[in-house]
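Reviewing the structure listed below.
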Amino acid sequence: MKICVSCASGIEAVLKRELYKLGYGDLPAINGRVYFEGDYQDVAKCNLFLRTANRVYIELASFKAQNFDELFDGVLSIDWLAYTSKNGKFDVVAKCVESHIHAISVTQSITKKAIVKKLAPGGVLLENGERYRVEVAIVKDYVSVLLDTSGSGLHRRGYRALVGEAPLKETLASAIINLSVWNYERPFADLFCGSGTFAIEAALKAQQIPAGSMRDFDFLHWERFDRNIFDQLKVESLANVKQNPIKLLAFDIDEKQLTLARKHAKIAGVEEYIHFQKADMRDFSSQKKNGVIITNPPYGERLSERKEIEVLMRDYGKVFKNLDNWCAYTLTPVTDFERLFGKKADKKRKIYNGPIECCLYSMLGAPPKK
Ligand SMILES: C[S@@+](CC[C@H](N)C(=O)[O-])C[C@H]1O[C@@H](n2cnc3c(N)ncnc32)[C@H](O)[C@@H]1O
């Protein structure tokens, strides 16, 4: 099978590194996607372990189509029964980019019609069984038909049951942690922790708790998949969970956010490894050396908040100055962040936080002495 793993644009290199560590070699990444040949064992492995991927798919077909007849024939030619079942409930989503076919809803219904024709020649699919989410991506007249094995996006780890205001996605938080120099032997602080995503993701990584061990996946309910493969992988990986003696710091001035963050950490099973504190970032200091701050400060959506944010970023810079050889990784859309913070970044990387164009500013201290 051709497996396709997707990620947010800008973090392909991080996903590639994760896949490399999982034993997949040096794979090429194209426009937020990595492809490789694999089987259901790989589907299980990628869904369970990858921290920075958005979804794991099986690519069922790719072909050229400039009209709906060609699209219908291409979808019809897929051996749907080899992957799905006659009882399946099919959800089709589509996207069309720079192509002759550009009507999304028609693309979805043509695709569905072809699936129904293949699986139920009589014309009626009961759709009372397991779910199959099908993505049809048409880019420059080339169609890719993808079967989504994950179901809901992989950022839904299962610990953030409560959906508050659009916080940072878990997959993006994890990618930023992977981009940083942090490892569990170094102090960690998120000075604007909100719902706690950075600290929780860092603790999960430190203790090697698999990213997907708290959630369900669509492929687990498929007739073609032997659930034992996943259960065995999960049991083995949970047996390897560490109990490194870490205490990550997470500050926020908002008690409501902290209540949420503590709840998330508890569900994720990492509550004991994080010290959540209601505190102003300005009160942060540390005697420890070589710590790492990973954070995304408020950025002031309204113009009226701009002055306040400027003062906050200046004060954040002052707090950082008093730390001994710490590094700071700050995700923010504030374009003059370096000027306000009072230090040039050693590295800058453009990253989208949802629809918001941000930059990850990396300010590096000297590495710890061996
Ligand atoms: C953009 S949000 C962080 C979202 C977070 N990364 C998450 O995963 O939910 C910024 C947070 O900074 C907090 N904050 C604002 N001013 C602060 C200050 N002076 N000290 C500490 N936290 C502050 C806000 O309460 C808010 O929760």
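Since every read-out is calculated from the coordinates, none of them should be taken as a lab result. Note that this is a predicted model, so its numbers are computed, not measured. Virtual Cβ from ideal backbone geometry, glycine too; neighbours counted across all protein chains shown.
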Legend entry - Globularity ratio of region 267-335, using Cα Rg and 2.2 N^0.38 Å: 1.28
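Defining a contact as two alpha carbons under 8 Å apart and six or more residues distant in sequence, what relative contact order in percent does region 2-148 show?
Reported as a whole number, the value is 26 percent.
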Inset, instruction - Provide the gained length on full extension for the span residue 310 to residue 35, in nm with one decimal, where the gain is 0.36 nm per separating residue minus the Cα-Cα distance. - result: 94.7 nm
Inset, instruction - Over 20 Å between C-alpha atoms is what I'm after, so list which of 321/347; 95/117; 205/234; 95/350; 2/205; 45/205 land there. - result: 95/117; 95/350; 2/205
Legend entry - 14 Å Cα-Cα reach of residue 86 towards aspartates and glutamates, excluding residues that sit fewer than 8 places from it in its own chain: 127, 130, 223
Inset, instruction - Find which of 47, 106, 27 sits farthest along the positive direction of the dipole of region 2-148, computed with +1 on the beta-carbon of Lys and Arg, -1 on that of Asp and Glu, about the Cα centre. - result: 47
Legend entry - Rg(Cα) / (2.2 N^0.38 Å) computed for region 54-123, rounded to two decimals: 1.11
Inset, instruction - Could you give the size of the charge dipole of region 2-148 about its Cα centre, using +1 on the Cβ of each K and R and -1 on the Cβ of each D and E, expressed in debye and rounded to the nearest 20? - result: 320
Inset, instruction - Quick one: order 115, 104, 267 by neighbouring beta-carbon count within 10 Å, fewest to most. - result: 104, 267, 115
Legend entry - Net charge dipole size for region 25-65 [Lys, Arg +1 and Asp, Glu -1 on Cβ; Debye, nearest 20]: 240
Legend entry - Residues 361, 24, 316, sorted so that the one with the fewest Cβ neighbours within 10 Å comes first: 24, 361, 316
Legend entry - Chain lengthening between residue 364 and residue 127 when straightened (0.36 nm per residue, less Cα-Cα): 79.9 nm
Legend entry - the chain: angle of helix 197-206 to the longest principal axis, Cα-based, in degrees nearest 10: 80
Inset, instruction - Determine, for 56, 139, 134, the number of other Cβ atoms within 10 Å of each Cβ, and report the residues in order from fewest to most. - result: 139, 134, 56
Inset, instruction - Work out from phi, with θ = phi - 60° and the Karplus expression 6.51 cos²θ - 1.76 cosθ + 1.60, the ³J(HN,Hα) of each residue of region 21-30, listed in order in whole Hz, and give x for Gly and Pro. - result: 5, 7, x, 9, x, 8, 8, x, 10, 10
Inset, instruction - Would you grab the residues whose amide H sits under 5 Å from the one on residue 61? Only those 5+ places off in sequence or on another chain, please, with H modelled 1.01 Å from N. - result: 145
Legend entry - Total charge dipole magnitude, the chain, about the Cα centre, Cβ charges on Lys, Arg, Asp, Glu only, Debye to nearest 20: 960
Inset, instruction - Would you check region 235-288 for Lys pairs whose C-alpha atoms are within less than 18 Å, ignoring same-chain pairs closer than 8 in sequence, and give me the count? - result: 9
Legend entry - Cα centroid of region 196-219 to Cα centroid of region 289-304, whole Å: 23
Inset, instruction - Using all C-alpha to C-alpha distances in the chain, build P(r) with 20 Å bins and read off the rounded percent in each one. - result: 27, 51, 21, 1
Legend entry - Taking the chain and dividing mean pair separation by its residue count, relative contact order in percent (alpha carbons under 8 Å, at least six apart): 15
